[in-house]
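The values are calculated or read from the model by the stated rules, or taken from the named source; none is laboratory data. Please read all numbers here as calculations on a predicted model, not as lab measurements. Methodologically, a virtual Cβ is constructed for each residue, glycine included, from the backbone with ideal geometry; neighbour enumeration extends over all protein chains shown.
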Amino acid sequence: MKEPRILIGETVGRNNANLEESIQRVDESKMYEDLSTIIICPTRGTFPTRVVQSWMKLMKPMNQQTAGPIFAESMKVDVAYESLIEYILSNQHLCRYKYVLTIEEDNMPPSDGLMRLYKSMDKYDVVGGLYWGKGENGFPMIFGDPNVPNDFKPQKPIANTLQECNGLGMGFNLFKLDMFRQIPQPWFKTVQERDEHGTGIGNTQDIYFYKKAKEAGFRFACDTSILVGHYSAKEDIVW
């Protein structure tokens, strides 16, 4: 029950009373920009309940267009991503969207993860949350010192920061769709071959993409404050 009081006609409101702070909050949220986003996912066809639960809680931007998830089922992972981007760019409606969010069938983002990824897209072309490979010796999916060309070693995370890198995994990443119009195909390719000297060359589809994108002048970062779980159904453990 409300306390007895005399009303004196206060009309300003808390947000207007702290207008500069409120404007900064709106600016950081990017809510006034085009945040149209397509969510894509390669899949073998089944999803653990815990993963589905985390996806259902994922917040989307208010009054903005969000499509998907669009799934590519039972394809090799490089073919899946290639096919999904081809489909988007050839679709007269989806090709107008600004962003693509990749999420994989064993990744569990925080509910506000997507909203926080938007905050850094004015500085970078791809921003991802922090997740690790599965197992006790799993490594962070942050690859390469951006000051060292062709470096794709796993990097030591710096907590609660926007950490620039040469590449990321694909588990929870926000891409600017325009990137794919500027980079020649194939965008994603798993490489296992030898060069003319007999030296083995091997890249997963994600590193293949980031090498091409880096050469084209694009920049990437991991937001290490966005903590993404990596679920192992076999062990029932979130890594």
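Data table
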{"item": "Scan of region 82-106 for residues that are over 11 Å from the mean Cα position of the chain (by Cα) and closer than 12 Å to Gly171 by Cα, ordered by number", "result": "Glu105, Asp106"}
{"item": "Single condition Thr204 does not satisfy, out of (1) at pLDDT 90 or above; (2) under 25 Å from Ile158 (Cα atoms); (3) surrounded by 11 or more Cβ atoms within 10 Å (Cβ to Cβ)", "result": "(1)"}
{"item": "Among (1) crowded, with 18+ Cβ neighbours inside 10 Å; (2) under 16 Å from Asp106 (Cα atoms), the one test that Phe71 misses", "result": "(1)"}
{"item": "Every residue from region 86-106 that is crowded, with 22+ Cβ neighbours inside 10 Å and farther than 17 Å from Pro61 by Cβ", "result": "Thr102"}
{"item": "Subset tally (residues that are modelled with pLDDT of 90 or more, under 17 Å from Met115 (Cβ atoms) and surrounded by fewer than 17 Cβ atoms within 10 Å (Cβ to Cβ)) for region 40-62", "result": "4"}
{"item": "Region 40-61 residues that are within 19 Å of Tyr81 (Cβ to Cβ), paired with ones that are basic (Lys, Arg) and surrounded by 13 or more Cβ atoms within 10 Å (Cβ to Cβ) (beta carbon under 9 Å, 6 or more apart)", "result": "Pro42/Lys76"}
{"item": "Given (1) touching a residue at least 40 places away in the same chain (Cβ under 8 Å); (2) under 21 Å from Ile38 (Cβ atoms); (3) crowded, with 18+ Cβ neighbours inside 10 Å; (4) not basic (Lys, Arg), index of the condition Gln185 fails", "result": "(3)"}
{"item": "Search result, residues across region 73-104 that are assigned to a strand (DSSP E or B), over 23 Å from Tyr124 (Cα atoms) and modelled with pLDDT of 95 or more", "result": "none"}
{"item": "Filter result (of a type in the set (Ser, Thr, Tyr) and not in a helix (DSSP H, G or I)) within region 1-60", "result": "Thr11, Tyr32, Ser36, Thr37, Thr43, Thr46"}
